[in-house]
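Asker: If you scroll down you'll find the structure; I have some questions about it.
What follows draws every value from the coordinates through simple rules; no lab data is involved. Computed from a prediction, not measured in an experiment: that's the story for all the values here. Here the Cβ positions follow ideal geometry from the backbone for every residue, glycine too, while neighbour counts run over all protein chains shown.
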Amino acid sequence: MPDNVLEIRDLVVEYHTDDAHIYAVNGVSLNVKKGETIGLVGETGAGKTTIAKSILRILQSPPAKICSGSIMFDGADLMKLSEKEMQHIRGNKIAMIFQDPMTALNPIETVGFQIEEAIRLHNKISRVEAVRRACEMLEMVGIPAERYKEYPHQFSGGMKQRVVIAMALACKPMLLLADEPTTALDVTIQAQVLEMMNDLKTKLNTSVILITHDLGVVANMCDSVAVVYAGEIVEYGTAEDIFDRTAHPYTVGLFNSLPRLNTTERRLKPIKGLMLDPTIKPPGCRFSDRCPEATEKCCKQPPPDVEVSPGHIVKCWLRGGSN
Amino acid sequence: MNEAYRKKRSKFGEVVRRLKKNKAAVFSVFVLIIIVLVGIFADYLAPYPYDQQNYSLSFAKPSPEHWLGCDQLGRDILSRLIYATRQSLQLGILATAIAGILGITLGCIAGYYGGWVDMVIMRFLDIYQSIPMFLLCVTLAAVMGPSLRNAVLAIGISTVPLPARLMRASILTVRNQEFIEAARMCNASNRRIILKHIIPNAIAPVIVSITMTVGMNILAGASLSYIGLGAQPPIPEWGTMVADARNIMRDHAILALYPGLCIMITVLACNLLGDGLRDALDPRLKN
Amino acid sequence: MLRFIGKRLLMMIPIMLGIILVVQIFITITPGDPVRLMSGDLLSEEEMEELRVQLGLRDPFFVRYVNYIKNILRGDFGTSYRTHRPVLTEIMSRFPYSLLLVSVSLALALAIGIPIGIYAATHQYSWKDNLSIIAALFCVSMPSFWFALMLIQLFAVKLRIFPPSGVDRWIGWVLPSVTLALEYCATIARQTRSNMLEVIRQDYITTARAKGLAERKVRYRHALKNAIIPVIMIVGQIFGRALGGSMIFEVIFSIPGLGAYTISALQNRDYPVIMSSVLILSTLFAVVLLIVDVIFALVDPRIRSQYIGKNKRKKPPVTQQPLKPLESVEGGNAS
Amino acid sequence: MPPLLEVKNLKKYFNTKGGMLHAVDDISFTLDAGKTLGVVGESGCGKTTLGRTILHLLDVTSGQILFEGRDITYPKKKELMKLREDMQIIFQDPYSSLDPRQSVKETIMEPLLIQGKLSKAECEKKAKELMDTVGLAARFENAHPHELDGGRRQRIGIARALALGPKFIVCDEPVSALDVSIQAQIINLLLDLQESLGIAYMFVTHDLSVVKYISNDIMVMYLGQMVEKASSDELFANPIHPYTQALLSAIPIPDIHNKTKRIILKGELTSPINPKPGCRFRPRCIYATEECEQPQVLTEPLPNHFVACCKCSELLNNRRNTQ
């Protein structure tokens, strides 16, 4: 598929700590088209951040281990690239922003320098030119260029996240990985940052993988959505597929446990039970213990990927799967 | 979630379980137990009385009767080492006890009550710590007159700021936790909050530092004795034994080697145990 | 920044007064009588009594305290009971030796300790790291005076490379400064290692890696600078311990420093000398602590911005939760 | 019958190095038994301080608090002990609100043991009952907090709050630290408890969809001041105060069809230390005029719908003619 910026093929990642094996990602396949924003939705511990970090290969190697899977990006498999080549891609072609703005910036370097460092790393340009481009980036994210020389502790949470975004987009990357960019921010500041990310995304034609647990943010920002549960993508489709034609029981459960503004019934319908213990590898579907419609087969065999409608894939036996 | 909490697994049992995993810590616990036992039962263990001089045996080589040989006055080195254990341990443990009790109480008061009380105590500790610790210790020992008891007092008093500051900082972190507010919401009195909630949670880092302070104080005690301000002859002490061997170092260096090694082993055991306790008590601090 | 230094200097005065008070108390409560020691039974009872009055030993405690301060302000640190020479000149003649010994060994400790700490932190799960931990533990557990004797025995006596003493030639300084530096090199290495390990786990290091920086650059440009700042803080404390530790070294290596002078003064109750040497050593320690604080404020922008250009830039907007609501907000920063 | 809780012109100031921090500034409201008052606002608006001041965890600077008609603004020790049986709190952070050294049973039993009315055996029995009411399995009796997940820890906090049979509970953002599915379970639990035990809640949160779902009345706060108070349906149906409008429009709604036009606030929160009199939203408000310099009076343009803004009548008119 020529217009795919990124193609992940059954990625498997495990964490080997001295007392347990944690199966964080269990066979994830995903395609990201040019200029598309795809939302990775799921609860804490579902493996969303691990997927993003394995794309950039910045997982902490002693505990984490990428067991298998290929990630095709711009015609090359990132898994096979040497560390040197990866460094050319990180920050230049693929950039990443993290959740907590308070600790994402180096406290003892000026804000401007940290952006300039990213620029000069990937383009052989003079220092003056780099400073100019850094100031331009700052203005683009809505921060006055005079604050170039200030330090992170002199910025509020919202402003710091803008600096992190400016730093990530400084080299006009093709793909941006955003790991819960606005979760740590207040609602009004979050709206400002999301608005600004939307403009930049269209202006620079960057495709974005937006990781979040907030379905509202997904509805406002994403073209297509992948629902992640216990290290697997249980449902993938366009925003309309997911929001209007919700298929997978887990996604249905997620929507039911959301206190909606427009409905009035008194009781939410939460998903019973608890997140799957990541150290256990069940034979069948990983949601079987919490799924209201779980059948005997669900607990025995891992469900196939079923295409309920064009582009809308569900990993479940009961959704049009041949049982 | 593993179902292994049916039986009442106290916090203490867990700490011991984690400590067992650390081989170095287990080894140092045994070494320390042996040293303490030697210190307590020195009279029965030592083959000869520590001050029995026998000029014919001066500088005797190690032999079946004198396993480590004799010093310049013909006294059996092994028995002197055994007796010295008691003095050195006293120096280390008693001094740490004094520093610990004074320090922890000061730290608790400053940490929990805050406000001007904390200010006064902190300024007092600042002055206290502005005199280098060993200088204060030597001055105290010399001024009070050289004796084992005074040396213990001197070391104890001069190391008070260490546990005090640590206890205060540890209490401040615990005090800002929400479960303290929850306890106040349940009408718990100040006394109950301190004893039942604050101290058990704040004590872990202090225990680690106390173990290490014992080692440090043994060193300080040996140094004091080395310059003649600690244990007075004829009672043997590792520091004094090194001092005695100092002026005959040219050809009998071995005499100074044994006490030095004993000090090092004891202090090393304390430090290893301290490191092991730190990981066992607070797994999050593991790095 | 000058205001910061000024404030700190003002704070040193009460500390100095406190020290004098502390030492004064020690001297008054001690048994033993310097005049008897000094006279060595040559003087009769009344002469000793008259000498005591003349030396001011009979005045009430507070009067002696005030007199002593007045003298110091006039630069008269009193005369030594034993050598009858003004204490100040003796101290000043010995002071450079102590200072040299301590600063050389501290410099050595920093020069060796920091690289080892970094090396151990960057090779965490390897045998190199464990080796460095154990080596550091050994150095810290070693009684320094005993180790000094061992080194003298090995190098000076057996191998005859370094002289056991002799401060005139630089070679005489090698043994004392190396042995003193050993213990503090271990402390600095352990502190640097734990700081590095903590900093490497921070988010901004992951951000730096995600920017495409090479691991080596991430470590030495971002991680090291953040890890070194707290190490500066403990240099102040270590200087204090080194001051104490050097006293014994001066005795062993027969360096005519202030430490050895203090010990001899202590051994025969030479009060003016005790008072002044404790005071000067503590002042030196306090000055070093001040210098360390100033360096710390200069290096760490978070603190520097509080003292420089406070008015130039508008105050950063307060957006975090209001201060943790305690009964009353504590004055001063948490230590 | 007097309302369960009535607060009149409550103020709470902290003296800090920079000056007087107006955390809570002249707040008044009433709360009936069995009802829920939602308190909403961004971080730093003083909602948490308000809750803790009412519960006397912080002493009151000025104003009056009436509980069941009795004035409890400055209670004596005895009276405060009695009061603590009627008013309790549930904390936000499930990790720091439980003593790590105590087992589940000990934590729940502690208030009963301190009260001293019941014997140790009776306390244990009551603790087991409470664990049952909050949905905690008996096997967790001897478990320690670090062995349990966030949802279960929050249930322990709730059980401890119920131990003394309170009539009023301050819920300080009880669900913000939890995942969506577990959040729904806790909200349902709180609603069930309210129905069965008739407990009144003061629900403090920054998550507007949760607060709409659970509260009868909602109060919006900004930098220590109450800007608007109304019933939850009325407030969401027609918000009057400019800040409330911006706040509501900023919520990312999980619905892709009506992408409402967002009101994006410019600028940042101003500092609550030594604030100027008058409306504190003035620097960010598009309708701001000199009139806003004077202290704002709480008016009631619509029945049971209070607004602290001198422009409210004007806003109401142009709202009516745009509808």
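Asker: GNM on chain C, C-alpha springs below 10 Å: top fluctuator among C:Ile29, C:Ile15, C:Ile234?
Answerer: C:Ile29
Asker: If each of D:Ile286 and D:Leu298 carries a label point 7 Å out from its Cα toward its Cβ, how far apart are those two points in nm?
Answerer: 2.9
Asker: Report, in debye and to the nearest 20, how large the dipole of the protein assembly as shown comes out about its Cα centre when Lys and Arg carry +1 and Asp and Glu carry -1 on their Cβ.
Answerer: 1060
Asker: Nearest 0.05, what FRET efficiency do A:Asp10 and C:Arg3 give at R0 = 45 Å with Cβ-Cβ as r?
Answerer: 0.10
Asker: Farthest toward the dipole's positive end in the protein assembly as shown, which of D:Leu248, D:Ile218, B:Leu229, given Cβ charges of +1 (Lys, Arg) and -1 (Asp, Glu) about the Cα centre?
Answerer: B:Leu229
Asker: Can you put A:Met159, C:Met92, C:Met48 in order, fewest other beta carbons within 10 Å first?
Answerer: Ranking A:Met159, C:Met92, C:Met48 by Cβ neighbours within 10 Å, fewest first, gives C:Met92, C:Met48, A:Met159.
Asker: Local charge sum around A:Glu116 (other residues, Cβ-Cβ under 9 Å, Lys/Arg +1, Asp/Glu -1)?
Answerer: +2
Asker: Please return the longest stretch of chain D lacking exposed loop sites, where trypsin sites (Lys or Arg not before Pro) count only if DSSP places them in a loop and at most 11 other Cβ atoms lie within 10 Å.
Answerer: Excluding the exposed sites themselves, the longest stretch runs over D:118-258.
Asker: Defining a contact as two alpha carbons under 8 Å apart and six or more residues distant in sequence, what relative contact order in percent does region A:102-170 show?
Answerer: Averaging sequence separation for qualifying contacts and normalising by length gives 46 percent for region A:102-170.
Asker: Right, something else. So what's the gap between the Cα centers of region D:151-194 and region C:56-77, to the nearest angstrom?
Answerer: 68
Asker: Output wanted: per-residue J couplings in Hz (rounded whole) for region A:100-117, from phi through Karplus 6.51 cos²θ - 1.76 cosθ + 1.60, θ = phi - 60°, x for Gly and Pro.
Answerer: Here the 3J(HN,Hα) series is 8, x, 4, 10, 7, 10, 5, x, 10, 10, 5, 4, x, 4, 5, 6, 4, 4 Hz.
Asker: Given R₀ = 51 Å, FRET efficiency for C:Thr283-C:Glu45 by Cβ-Cβ distance, to 0.05?
Answerer: Taking R0 as 51 Å, the efficiency between C:Thr283 and C:Glu45 is 0.85.
Asker: Please work out the C-alpha center-to-center distance from region A:27-84 to region C:113-146 and express it in whole Å.
Answerer: What the calculation gives is 37 Å, centre to centre.
Asker: What ranking of A:Asp18, D:Asp71, B:Asp71 emerges when the number of other C-beta atoms within 10 Å of each C-beta is taken as an exposure proxy, fewest first?
Answerer: The most exposed by this proxy come first: A:Asp18, D:Asp71, B:Asp71.
Asker: Once fully extended, how much extra length lies between C:Lys158 and C:Leu17, figured as 0.36 nm per residue of separation less the alpha-carbon to alpha-carbon distance?
Answerer: The span from C:Lys158 to C:Leu17 would gain 45.8 nm if fully extended.
Asker: Hey, another quick one. On average, how many beta carbons from a partner chain sit within 10 Å of the beta carbon of a residue in B:242-248?
Answerer: Average neighbour count from other chains, rounded to a whole number: 2.
Asker: Taking the Cα centre as origin and putting +1 on Lys and Arg beta-carbons and -1 on Asp and Glu beta-carbons, what dipole magnitude results for chain C, to the nearest 20 debye?
Answerer: 2360
Asker: Can you give the angle from 0 to 90° between the axis of helix C:127-141 and the longest principal axis of chain C, with both taken from C-alpha atoms, to the nearest 10?
Answerer: Roughly 10 degrees between the two axes.
Asker: Taking Cα pairs under 8 Å and at least six residues apart, what relative contact order does chain C come out at, in percent?
Answerer: Dividing the mean separation by the residue count of chain C yields 23 percent.
Asker: Where in chain B is the longest stretch that carries no GluC sites (Glu not before Pro) classed as loop by DSSP and with at most 15 other Cβ atoms within 10 Å?
Answerer: Longest gap between qualifying sites, sites excluded: B:66-287.
Asker: For the protein assembly as shown, give the share of DSSP beta bridges that are antiparallel, in percent and rounded to the nearest 5; count only bridges with both residues there.
Answerer: The answer is about 60 percent antiparallel.
Asker: Right, next: Could you state the number of Å between the C-alpha centres of region D:74-93 and region B:135-187?
Answerer: Using only Cα atoms, the two centres lie 35 Å from each other.
Asker: Placing unit charges on C-beta atoms (Lys and Arg positive, Asp and Glu negative, everything else neutral), compute the dipole magnitude of region B:157-212 about its Cα centre in debye, rounded to 20.
Answerer: Dipole about the Cα centre, nearest 20: 160 debye.
Asker: Here is a follow-up. Can you give the % of DSSP beta bridges in chain D that are antiparallel, to the nearest 5?
Answerer: Taking every DSSP beta bridge with both residues in chain D, the antiparallel ones total about 60 percent.
Asker: In peptide D:141-147, how many Cβ atoms from other protein chains are near each Cβ within 10 Å, on average?
Answerer: 4
Asker: Let me ask something additional. Compute the angle between helix A:127-140 and the longest alpha-carbon principal axis of chain A, please, reported from 0 to 90 degrees and rounded to the nearest 10.
Answerer: 50
Asker: Just add up the charged neighbours of D:Ser62: K/R +1, D/E -1, any other residue whose Cβ is under 14 Å from the Cβ of D:Ser62.
Answerer: -1
Asker: Placing +1 on the Cβ of each Lys and Arg and -1 on the Cβ of each Asp and Glu in the protein assembly as shown, which of D:Gly38, A:Leu40, D:Ser313 has its Cα farthest towards the positive end of the resulting dipole?
Answerer: Final value for the positive-end residue is A:Leu40.
Asker: Now for a separate question. What FRET efficiency, computed as 1/(1 + (r/R0)^6) with R0 = 30 Å and r the Cβ-Cβ distance, is obtained for A:Lys269 and A:Glu195, rounded to the nearest 0.05?
Answerer: Efficiency, from the Cβ-Cβ distance: 0.35.
Asker: Here's another thing I want to ask about it. Before anything else, pin down the relative contact order of region B:146-287: Cα pairs under 8 Å, at least 6 apart, normalised by residue count, whole percent.
Answerer: 27
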